[in-house]
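J.: Dropping the structure in here first, questions after.
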Amino acid sequence: MNPVYKRCVILAAAVSLISSSCTKTEYVVNPNAPTQESVLKNASRVQINQLGVGVQSVVRNGLFSFYTWSGSIGRETVYFAQTESRYYRELQGEIPLDPAGIMYDWYNSYNQTRRRAELLLRSATETNSITDGEKKAVEGFAKTIQAYAMLNCLNMMGEVGVRTSFSDLNVPGDLLKPGCFNSYSQSLDYVKKLADDGLAALDVAGSTDFPFTMVAGWTGFATPADFKKFNRAVAARVAMYREDWLGMETALSGSFLSLNGNLKTGPYMQFSTTANDAVNPMWRSAENNSTPMLVQVNFVDEAETGDKRVFGASVPANGEAKVRMRTTPSAPPDYPLMTHEVQMYATNVSPISIIRNEELVLMYAEAKLQQDDLAAAVSTLDIIRQAYGLQVLAIARPAVIGNKVLLIDELLNQRRYSLFMEGHRWFDMRRYDKLDELPLDKPEHHVYTNFVKPQQEVDWDATNPCQ
């Protein structure tokens with residue numbers, strides 16, 4: 001898998017738009033590597049394979065900043081980088097977010113992933129080297145990846161929204177006309193359409209295989225028929241943010257949701273130490289003192305006694321706990337001392353889940369809860385509770401039974417601990433209008449509702465009004 005990543009990501013980068021996001025770009029001129037034009041018309045089957053594997057590789061880009069910045073604002077962690085105080089001062093709301101600063105790698109990466117997937121799609125459309133069925137398979141894959149990447153980007157941007165169109169890659173010289181930013185609601189509609197169009201294309205592809213290698217992290221999802229289950233998982237996420245509860249339940253029915261299955265099932269991003277590949281960016285050695293991910297104090301204090309996600313052996317020690325007690329507590333100046341650090345991955349090549357059954361189970365509980373099927377919601381939440389050593393709600397918290405408001409709190413609590421540092425807590429508290437319940441470590445801190453528009457985008461629109 002990793003040697004394939006290594007070979008193919010080079011072509012993806014060479015023919016991709018490698019400046020930031022959807023703004024000013026240039027063609028890559030390199031006589032030793034393919035140009036963009038060389039694949040947009042009559043790409044060879046080998047080139048389609050390289051582009052497809054390259055897109056799988058770049059899905060990993062932006063992951064560290066997406067998880068860590070959203071986790072910091074959502075009060076899951078404090079990223080105490082010793083040489084750069086902005087990583088905690090800005091993200092904890094002590095000083096304003098700098099639109100021209102260091103916090104936008106996720107933005108650039110997710111927009112680049114969208115463009116690379118679009119390049120793959122248009123290259124597949126304009127070639128005779130693959131069959132019509134394979135072209136539909138590529139379309140379904142590309143649009144699903146775009147939906148996944150842009151939902152992540154959109155949730156960070158919140159009400160600022162995202163650009164929902166960009167320039168025509170097929171017209172030489174016409175690469176500098178990104179579309180306008182749209183509202184959060186309009187942008188969600190755009191992402192939903194990407195996912196739904198992806199499903200329609202995968203349906204047409206039928207039993208046709210993808211015309212590119214699906215790397216090992218996609219085991220179980222490596223054909224268009226199986227990839228539809230991932231597509232519907234992404235669609236369920238979109239429906240959740242749209243508060244379309246019936247739509248979410250419908251999407252889940254087509255996903256890989258299994259109420260009695262392994263909670264860890266799902267596609268994964270993989271890593272290696274092979275040259276030109278990437279290692280797991282979220283891994284941290286124990287007792288790290290240069291760039292520790294410290295656990296915000298309330299996370300441990302507010303956990304239920306016996307919760308295996310918090311107490312006991314950490315994941316690197318073959319346990320279930322996502323955090324580990326430090327020998328020496330640490331904290332930035334004037335913060336309360338933090339006794340625990342994030343320890344979610346055993347090694348620097350451990351895979352990272354893209355989306356797994358545990359999240360789907362929690363989404364199913366939410367769909368049932370929001371449609372007033374409280375009994376089904378309780379039984380589903382109990383699946384998660386019992387998996388981590390907690391008693392069922394009827395015994396542990398009988399007051400929540402039949403109480404929708406308290407069950408929403410229970411749902412958010414289970415999502416807090418099951419999906420810790422996976423890009424959910426900040427957005428969960430925002431969509432339930434509970435940001436004011438997130439803790440502040442210093443009186444001058446506050447919780448942001450969204451990132452501001454990057455300065456590069458502001459500057460671009462000032463000179464080149466969007467169309």
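J.: How far apart, in nanometres, would the label points at V204 and S185 be if each is projected 7 angstrom from Cα along the Cα-to-Cβ direction?
T.: Reported label-point gap for V204 and S185 is 3.1 nm.
J.: I've got another one for you. Can you compute the label reach from D459? Point 7 Å from Cα along the Cβ direction, backbone N cut-off under 12 Å, restricted to segment 147-165.
T.: Within reach of a label on D459, which here means backbone N under 12 Å from a point 7 Å along Cα→Cβ, segment 147-165 contributes nothing.
J.: Going through the cross-link list K136/K322; K177/K453; K193/K453; K368/K453, which pairs have a Cα-Cα distance over 28 Å in this structure? Write out the running numbers ahead of the final one.
T.: Working: K136/K322 40 Å; K177/K453 17 Å; K193/K453 23 Å; K368/K453 36 Å.
Beyond 28 Å between Cα atoms: K136/K322; K368/K453.
J.: Rounded to the nearest 0.05, what FRET efficiency is calculated for N260 and Y432 with R0 set to 35 Å and r the Cβ-Cβ distance?
T.: Efficiency computed from Cβ-Cβ geometry: 0.80.
J.: Given the rule -39500 (n - 2.57) for each run of at least 4 DSSP H residues, summed and divided by the residues of the chain, what is its mean residue ellipticity at 222 nm, to the nearest 500 deg cm²/dmol?
T.: Mean residue ellipticity at 222 nm (helix-derived): -14000 deg cm²/dmol.
J.: Using alpha carbon coordinates only, what is the Rg to Rh ratio of segment 357-437, with Rh defined as the Kirkwood radius?
T.: 0.94
J.: Students often forget the sequence filter, so: which aspartates and glutamates lie under 19 Å Cα-Cα from K41 once same-chain residues fewer than 8 apart are removed?
T.: E26, E118, E126, D132, E134, E139, D168, D174
J.: So between T305 and A399, what do we pick up on full extension, going 0.36 nm a residue minus the alpha carbon distance?
T.: Details: separation 94, 0.36 × 94 = 33.84 nm, distance 1.80 nm.
Full-extension gain reported as 32.0 nm.
J.: Which helices pass in the chain if a helix is a full DSSP H run, must span at least 24 angstrom along its long axis by Cα, and must have mean Kyte-Doolittle hydropathy not below -1.0?
T.: Helices passing the filter in the chain: 132-157, 184-205, 224-241.
J.: With each pseudo-label sitting 7 Å past Cα toward Cβ, what's the L374-S44 distance in nm, one decimal?
T.: So the two model labels end up 6.5 nm from each other.
J.: Report the dimensions of the chain along its three principal axes from the alpha-carbon atoms, largest first, rounded to Å.
T.: So the three principal-axis extents are 63, 47, 42 Å.
J.: Right, another one. Simple spin-label model, 7 Å along Cα-to-Cβ: S129 to A100 in nm?
T.: Output for this residue pair reads 4.3 nm.
Throughout, read-outs are computed from the coordinates displayed, never taken from laboratory work. Remember, it's a predicted structure, so these values are computed and weren't measured experimentally. Note that we place each Cβ from the backbone using ideal geometry, even for glycine, and neighbour counts take in every protein chain shown.
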